[in-house]
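J.: Take a look at the following structure, please.
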Amino acid sequence: MRRLSILAAVCLFAGGAASATSRELVLHAGLTSATVHQDDLYSDAREGLALGAGARVPLGDDFSLQPEAWYLRKGFEGGTLWESIDLDGRRHVLSFPVLVSYWLTAERLDSRVFAGLAADILLKAEIRELGAESWADVTDHDETLSWSLVVGGGARLGRVDLEVRYQHGFTRLTRFAYPEFDDLISQMQERASAFDRTWILTAGWWF
């Protein structure tokens with residue numbers, strides 16, 4: 001099922017990009033700063049890698065459609081869960097945003113703001129207790145697909161691009177109902193849903 005979901009998302013993006021072959025394309029590389037929001041989880045941000053590609057399809061004089069595909073490393077660092085467990089978490093995802101952007105064209109610098117939705121498909125999820133050397137693979141216990149709102153802005157000078165964006169997850173990633181915790185907490189412990197919060201800062205190149 002996970003492979004079918006990934007294939008479907010890739011095909012959707014490929015179809016959108018194919019319709020934009022005569023339009024502009026951009027490659028991104030940069031960093032993520034990600035946390036997981038849950039009432040019973042207190043954590044710091046985890047930094048990770050961001051790699052992406054997108055197309056700009058004009059919708060008029062100032063507006064454009066931007067179908068994109070990204071590899072993102074997310075998670076959290078130094079977290080305390082249920083006031084009893086100290087752990088780290090990391091997630092590897094393929095993200096497929098579809099954005100609408102508004103462009104402000106100047107003589108030398110083109111700037112833009114954008115908003116849209118992103119579908120994140122989980123490749124791998126891992127957790128470990130603080131101080132442990134090995135990570136536990138919990139991919140099968142987490143949600144394969146999650147959705148986020150995306151807002152951000154960027155500026156282009158010639159072919160060089162700088163961009164910042166924020167992803168605000170509104171569907172759950174996990175309930176932290178992992179067998180590894182069964183001997184650490186009561187089975188009556190409430191396992192609230194966790195949601196993604198991610199900042200992404202990148203540099204890019206337009207073609």
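J.: Need pairs with beta-carbon distance below 6 Å; first residue in a strand (DSSP E or B) and within region 150-162, second of a type in the set (S, T, Y); sequence gap 6+ or separate chains.
T.: Sorted first by the residue in region 150-162, then by its partner, the pairs are V151/Y166; A155/S111.
J.: Kindly evaluate S134 against the criterion of being farther than 21 Å from L157 by Cα, assigned to a loop (DSSP other than H, G, I, E, B), at pLDDT below 95 and in contact with a strand residue (DSSP E or B) (Cβ under 8 Å, 6 or more places away or on another chain).
T.: Working: farther than 21 Å from L157 by Cα: yes; assigned to a loop (DSSP other than H, G, I, E, B): yes; at pLDDT below 95: yes; in contact with a strand residue (DSSP E or B) (Cβ under 8 Å, 6 or more places away or on another chain): yes.
Answer is yes for this residue.
J.: Something else now. Of all the residues that make up region 73-105, how many are within 13 Å of the chain's Cα centre (by Cα) and polar (S, T, N, Q)?
T.: Selection size over region 73-105: 1.
J.: Same structure, new question: Could you please find all residues in region 1-53 being of a type in the set (S, T, Y), modelled with pLDDT of 95 or more and surrounded by fewer than 18 Cβ atoms within 10 Å (Cβ to Cβ)?
T.: First, the residues of region 1-53 that are of a type in the set (S, T, Y): 5, 19, 21-22, 32-33, 35, 42-43.
Checking the rest, the ones that are also modelled with pLDDT of 95 or more come to 32-33, 35.
S33, the sole residue that qualifies.
J.: Among the candidates R156, R108, single out the residue that is buried (at least 18 other Cβ atoms within 10 Å of the Cβ) and more than 21 Å from the chain's Cα centre (by Cα).
T.: R156
J.: Still on this structure: When the residues of region 77-131 are narrowed to those that are outside any strand (DSSP E or B) and out of contact with any strand residue (DSSP E or B) (no Cβ under 7 Å at 6 or more places or on another chain), which ends up farthest from T32 (Cα to Cα)? Walk me through how you get there before you give the answer.
T.: To start, the set of residues in region 77-131 that are outside any strand (DSSP E or B) comprises 82-84, 106-108, 130-131.
Still in the list and also out of contact with any strand residue (DSSP E or B) (no Cβ under 7 Å at 6 or more places or on another chain): 82-84, 106-107, 131.
Working: W82: 26, E83: 27, S84: 28, A106: 29, E107: 31, G131: 23 Å.
Once the filter is applied, the top-ranked residue is E107.
J.: If you don't mind, there's one more thing I want to ask. Which of the residues spanning region 111-126 are surrounded by 21 or more Cβ atoms within 10 Å (Cβ to Cβ) and among the basic types (K, R)?
T.: R112
J.: Which count do you get for residues in region 125-149 that are over 19 Å from F195 (Cβ atoms) and in contact with an Asp or Glu (Cβ under 7 Å, 6 or more places away or on another chain)? Give the derivation first.
T.: First pass over region 125-149, keeping only residues over 19 Å from F195 (Cβ atoms): 128-137, 140.
From what's left, in contact with an Asp or Glu (Cβ under 7 Å, 6 or more places away or on another chain): 128-130, 135-137.
Final tally of qualifying residues: 6.
J.: For region 72-105, enumerate the residues that are of a type in the set (S, T, Y) and surrounded by 16 or more Cβ atoms within 10 Å (Cβ to Cβ).
T.: Within region 72-105, S95, S101 qualify.
The values are calculated or read from the model by the stated rules, or taken from the named source; none is laboratory data. Computed from a prediction, not measured in an experiment: that's the story for all the values here. Neighbour counts are summed over all protein chains in view; Cβ atoms, including those assigned to glycine, are modelled from backbone coordinates with ideal geometry.
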